[in-house]
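Visitor: Before anything else, here's the structure in question.
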Amino acid sequence: MLIRTFSSECIKLRHSYIWIVLSVLPIFSVLIGCANYVFNRGILQNEWYSLWTQVGLFYGEFFFPVLIGICCAFLCRFEHINQNWNSILTAPVPIRDVFLAKLMMVGLLSAVTQAFFLSLYFIAGKWVGLISPFPSETLGWIFRGWVASLAIGGVQLWLSMRIRSFAVPVGVSICATLIGLGLYVNHLGMFYPYSLLTIGMGVLSQDSLAMMEHVLFYGMSGLFIILFCISGIRRLKKTDIVA
Amino acid sequence: MTEMISTYKLSKQYDGVYRVKDLNLKVYEGDIYGFLGPNGAGKSTALKMLLGLVKPTDGGVNMFGKEFGANRLFILKNTGSLIESPSYYGHLSGLENMRVMQRLLNVPNRNVDEALRIVRLESHKGKKVSQYSLGMKQRLGIAMALMGFPKLLILDEPTNGLDPAGIQEIRELIQSLPQRFGMTVLISSHLLSEIDQIATKVGIINNGELIFQNSMDALRAQSKRTVALRTQNISEAKSILQKYRFTPVHQDDYLIFEDMPDEQIATINQLLVTSGIGVTRIEERRKKLEDIFLELTGKVSSL
């Protein structure tokens with residue numbers, strides 16, 4: 001039944017402009033990052049790793065979390081208008097699936113974005129003339145970035161379902177990302193979804209995570225996902241639908 | 001007769017005010033149940049409670065003899081609905097909107113085609129719904145409700161925004177549903193004339209309370225004829241007639257009688273004239289259905 005609900009979500013994305021946002025933001029991050037890298041070659045001598053710090057900074061610290069916020073707000077927007085909650089919540093599918101299908105869609109969109117970003121990073125590296133081999137750690141960063149994006153997606157979906165406006169949840173995601181930077185610097189990043197992305201993607205520190213940090217990272221991400229799913233689903237079940 | 005919908009003491013409070021209070025709705029299989037009430041009487045709130053969109057403050061809902069909470073999926077699978085204005089995704093075509101619902105309902109393609117054919121939208125199915133007229137959106141909403149060919153159809157003001165031809169068309173469609181597909185229909189409206197033409201049963205809600213629930217014929221029976229008589233001396237005329245076992249009611253300078261045969265009226269006239277009381281008027285009166293509705297709801301202006 002979850003698959004059915006998810007496939008109905010897929011139809012809703014036809015003729016939409018979300019793909020433009022999904023491609024423009026990573027391109028933008030990589031372009032700015034590349035420019036930074038090229039102009040500061042003197043200090044940035046660590047080839048692929050240095051390039052990653054530059055492109056990753058704009059992407060992971062700013063554009064990607066906001067992009068997730070936009071996706072979530074977008075996926076809820078067309079339900080908020082034209083009384084669509086009425087029809088979804090009177091369809092014979094469990095309410096749980098309505099929330100989970102949306103989160104799956106966020107997961108799919110963010111996975112596509114991550115894959116696109118990875119290929120842009122590779123192309124950019126070749127283009128600025130990096131000669132050392134492509135670091136295999138990037139796959140781990142991309143994957144953990146995706147896991148953290150689900151945690152952020154959980155929070156943002158929870159917000160977007162509750163707030164009818166499009167701009168407010170997106171605004172919240174921008175503020176939350178900035179706060180996340182502060183928490184990361186103060187070593188509290190593991191306890192905040194938006195900084196988990198910074199940690200997972202190795203944006204500010206490319207040192208590989210220790211075993212305990214891995215456990216903590218996946219544990220906390222999982223915890224946030226479960227927590228916000230439960231709360232979001234509970235709310236859909238308990239509150240009255242105002243169309 | 002199988003009970004399709006039965007609510008018991010269904011109530012909804014918003015900020016301490018009852019929008020729906022102690023509603024005991026009974027809809028039986030094969031009924032076309034007209035749910036009638038002025039705007040703001042609580043119709044939509046009540047219908048939303050039937051479908052679980054609004055959570056009752058008190059009381060409960062049974063559909064198909066099952067309690068809603070524990071049987072939500074079973075009940076929704078057998079119920080098609082159109083609540084408030086039609087739901088649609090404006091950026092998708094009519095057909096794509098149907099597909100979204102089709103996936104959720106898990107029904108074959110032929111159901112989609114059939115439902116679009118019934119509401120006569122096949123030729124517009126490729127067009128974006130944002131470009132549909134209100135009437136077309138309404139018909140799309142009905143098609144989505146029909147797509148699963150449910151046992152029970154709940155339509156909230158389905159003729160809103162339709163032109164007279166469209167209203168006529170939807171009315172005929174709804175009337176045909178019980179026979180063609182064995183459906184039971186619950187339709188809400190604020191227009192008595194509309195309910196009068198389609199419904200077999202009627203429930204009238206006012207200020208959140210059900211003030212009448214019976215067959216349409218029972219409501220019509222209330223619109224019986226009366227005879228009004230005016231004389232030069234009403235009170236004396238009344239006492240004379242009472243001696244002859246007539247039971248008139250004195251109202252606004254008239255004596256009102258229940259409908260009676262012509263001979264009796266002639267007798268009354270003769271009795272009064274021979275007693276020296278001049279009869280000035282004898283009128284036949286008929287209470288219109290509208291008047292009964294207005295009397296029941298106590299509202300004149302909003303209709």
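Visitor: Has region B:120-127 got at least one residue that is of a type in the set (Lys, Arg) and either closer than 26 Å to residue B:190 by Cβ or outside the structural domain of residue B:28 (by the TED database) (or both)?
Guide: yes
Visitor: If I filter region B:28-41 for residues that are touching a residue at least 40 places away in the same chain (Cβ under 8 Å), within 14 Å of chain A (Cβ to nearest Cβ) and more than 23 Å from residue A:93 (Cα to Cα), do I get at least one hit?
Guide: Scanning region B:28-41 turns up no residue that is touching a residue at least 40 places away in the same chain (Cβ under 8 Å), within 14 Å of chain A (Cβ to nearest Cβ) and more than 23 Å from residue A:93 (Cα to Cα).
Visitor: Can you give me the number of residues within region A:85-128 that are assigned to a helix (DSSP H, G or I), in contact with a helix residue (DSSP H, G or I) (Cβ under 9 Å, 6 or more places away or on another chain) and more than 9 Å from chain B (Cβ to nearest Cβ)? Write out each step before concluding.
Guide: Taking region A:85-128 and keeping what is assigned to a helix (DSSP H, G or I), we get A:85-88, A:95-127.
Among the residues that remain, those that are also in contact with a helix residue (DSSP H, G or I) (Cβ under 9 Å, 6 or more places away or on another chain) are: A:85-88, A:95-118, A:120-125, A:127.
Next, from what is left, pick out any that are more than 9 Å from chain B (Cβ to nearest Cβ): A:96-118, A:120-125, A:127.
Summing the residues that are assigned to a helix (DSSP H, G or I), in contact with a helix residue (DSSP H, G or I) (Cβ under 9 Å, 6 or more places away or on another chain) and more than 9 Å from chain B (Cβ to nearest Cβ) in region A:85-128 gives 30.
Visitor: Just checking, which of B:228, B:237 is under 16 Å from residue B:284 (Cβ atoms), at pLDDT 85 or above, surrounded by 12 or more Cβ atoms within 10 Å (Cβ to Cβ) and not hydroxyl-bearing (Ser, Thr, Tyr)? Write out each step before concluding.
Guide: Numbers: B:237 fails: under 16 Å from residue B:284 (Cβ atoms).
So the residue among B:228, B:237 that is under 16 Å from residue B:284 (Cβ atoms), at pLDDT 85 or above, surrounded by 12 or more Cβ atoms within 10 Å (Cβ to Cβ) and not hydroxyl-bearing (Ser, Thr, Tyr) is B:228.
Visitor: Further question: If you take the residues of region B:86-103 that are in contact with a Lys or Arg (Cβ under 8 Å, 6 or more places away or on another chain) and more than 20 Å from residue A:74 (Cβ to Cβ), which of them is farthest from the other protein chains (Cβ to nearest Cβ)? Don't jump to the end; show me each part of the working.
Guide: Residues of region B:86-103 that are in contact with a Lys or Arg (Cβ under 8 Å, 6 or more places away or on another chain), as a first pass: B:86, B:88-96, B:98, B:100, B:103.
Add one more test, that the residue is more than 20 Å from residue A:74 (Cβ to Cβ), and what stays is B:86, B:94-95, B:98.
Values: B:86: 7, B:94: 13, B:95: 10, B:98: 10 Å.
Once the filter is applied, the top-ranked residue is B:94.
Visitor: While we're here: Condition check: under 26 Å from residue A:34 (Cβ atoms), away from chain B (no Cβ under 14 Å) and either crowded, with 21+ Cβ neighbours inside 10 Å or of a type in the set (D, E, K, R) (or both). Does residue A:68 satisfy that? Please lay out each step first, then the result.
Guide: Working: under 26 Å from residue A:34 (Cβ atoms): yes; away from chain B (no Cβ under 14 Å): yes; either crowded, with 21+ Cβ neighbours inside 10 Å or of a type in the set (D, E, K, R) (or both): yes.
Yes: the conditions hold for residue A:68.
Visitor: A follow-up question, please. Can you tell me which of (1) touching a residue at least 60 places away in the same chain (Cβ under 8 Å); (2) in contact with a strand residue (DSSP E or B) (Cβ under 6 Å, 6 or more places away or on another chain); (3) not small (Gly, Ala, Ser) is the one residue B:77 doesn't meet?
Guide: Looking at each condition in turn, residue B:77 falls short on (2).
Visitor: Pairs, please: C-beta under 9 Å, at least 6 apart or cross-chain, first residue more than 20 Å from residue B:29 (Cα to Cα) and in region B:146-163, second acidic (Asp, Glu)?
Guide: B:157/B:84; B:159/B:194; B:162/B:169
Visitor: Considering each residue of region A:198-243, count those that are more than 14 Å from every other protein chain (Cβ to nearest Cβ) and assigned to a loop (DSSP other than H, G, I, E, B), and give that number.
Guide: 10
Visitor: Here's another thing I want to ask about it. State yes or no: is residue A:59 over 14 Å from the mean Cα position of the chain (by Cα), part of a helix (DSSP H, G or I), in contact (Cβ under 8 Å) with a residue 12 or more places away in the chain and surrounded by 15 or more Cβ atoms within 10 Å (Cβ to Cβ)?
Guide: Here the answer is no, as residue A:59 does not meet what is asked.
The values are calculated or read from the model by the stated rules, or taken from the named source; none is laboratory data. Fair warning: this is a prediction, and the values are worked out from it, not measured in the lab. We place every Cβ from the backbone using ideal geometry, glycine too, and count neighbours over all the protein chains shown.
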